[in-house]
Amino acid sequence: MSKLKLVFATNNKNKLKEVQAMLTNFKIVSLADINCFDDIPETANTLEGNAILKANYITEKFGLNCFADDTGLEVKALNNAPGVYSARYASEKCNSEDNMAKLLNELENIQNRKAQFRTAVALNIEGKQYLFEGVCTGEILKTKKGKDGFGYDPIFKPTGYTKSFAEMEMREKGAISHRGKAIEKLVTFLNSYS
Ligand code: IMP
């Protein structure tokens, strides 16, 4: 029997490989695989909204089953900012260093450094939509620690650990991370999908 095809609305090769390895009953393809090089709008003001926008764009334009993810860092003392704006927190055209510098500056005199990463995943399959969420709680460090990972990893220490995300190996981070947990829920759902 041929495998059900599912587009993962990403061009991130690492994310794609990880998910392909977890979902062997499905044919998981990327945006490039379906020749989609569009700048898909991410204009919603929630993570769920953006995941839905991306998944719906592909399903509507290409008529394909699809899932999409969106992640944000929610800092308690900042009313959950930067949240959905995590990628462009410092400015429209900024990098991770700019974003971390801005966040450390905002929290300079603040004692409560609690934060969480949250990932929303939207899945469109055979005419229905499902949402999944993954959360990783922790705190924002006062200075950067570690060289691995990406984004805000050097200043995020997950609860129960003494290391930052940037001091963890990919596998160790993946086992406890927001994205890892959201994808795990998606995988459990899909693996029992018939
Ligand atoms: P995206 O939804 O995966 O594109 O993530 C949005 C932004 O959140 C990125 O630009 C990163 O700055 C940040 N981010 C997402 N996931 C992580 C992570 O696992 N560690 C650190 N930063 C992340």
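The values are calculated or read from the model by the stated rules, or taken from the named source; none is laboratory data. What you see is a predicted model, and the numbers here were worked out from it, not measured in a lab. Cβ: placed from backbone, ideal geometry, glycine included. Neighbour counts: every protein chain shown.
Here is how the numbers come out for the structure above:
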| item | result |
| --- | --- |
| Total residues in region 125-177, condition over 22 Å from Y85 (Cα atoms), among the aliphatic types (A, V, I, L, M) and surrounded by fewer than 16 Cβ atoms within 10 Å (Cβ to Cβ) | 2 |
| In region 45-90, the residues that are closer than 10 Å to N124 by Cα, aliphatic (A, V, I, L, M) and more than 15 Å from the ligand (Cβ to nearest atom) | I58, L64 |
| Failed condition for H178, given (1) within 11 Å of the ligand (Cβ to nearest atom); (2) in contact with a helix residue (DSSP H, G or I) (Cβ under 7 Å, 6 or more places away or on another chain) | (2) |
| Subset of region 1-27 (residues that are part of a loop (DSSP other than H, G, I, E, B), hydrophobic (A, V, I, L, M, F, W, C) and surrounded by fewer than 15 Cβ atoms within 10 Å (Cβ to Cβ)) | M1 |
| First in region 153-169 and part of a loop (DSSP other than H, G, I, E, B), second anywhere and of a type in the set (S, T, N, Q) and more than 13 Å from the ligand (Cβ to nearest atom), Cβ under 7 Å, 6 or more apart | T159/T137 |
| Any hit, region 41-53, residues being modelled with pLDDT under 95, within 18 Å of the chain's Cα centre (by Cα) and not acidic (D, E) | yes |
| Leading residue by the ranking (modelled with the highest pLDDT) among those in region 8-33 that are of a type in the set (A, V, I, L, M) and within 16 Å of the chain's Cα centre (by Cα) | A9 |
| Candidate set from region 88-129 (those that are part of a helix (DSSP H, G or I) and among the acidic types (D, E)); member that is nearest to L78 (Cα to Cα) | E106 |
| Residue match in region 95-118 (condition: under 21 Å from E184 (Cα atoms), within 11 Å of the ligand (Cβ to nearest atom) and of a type outside the set (K, R)) | yes |
| Test: residue in region 91-99 that is touching a Lys or Arg at 6+ places or on another chain (Cβ under 7 Å) and surrounded by fewer than 15 Cβ atoms within 10 Å (Cβ to Cβ) | yes |
| Residue list for region 163-194, restricted to those being among the β-branched types (V, I, T) and under 17 Å from the mean Cα position of the chain (by Cα) | I176, I183, V187 |
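Residues checked against (1) in contact with a strand residue (DSSP E or B) (Cβ under 9 Å, 6 or more places away or on another chain); (2) over 17 Å from A166 (Cβ atoms):
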{"position": "C66", "(1), (2)": "yes, yes"}
{"position": "V75", "(1), (2)": "yes, yes"}
{"position": "R88", "(1), (2)": "yes, yes"}
{"position": "N99", "(1), (2)": "yes, no"}
{"position": "R118", "(1), (2)": "yes, yes"}
{"position": "T143", "(1), (2)": "no, no"}
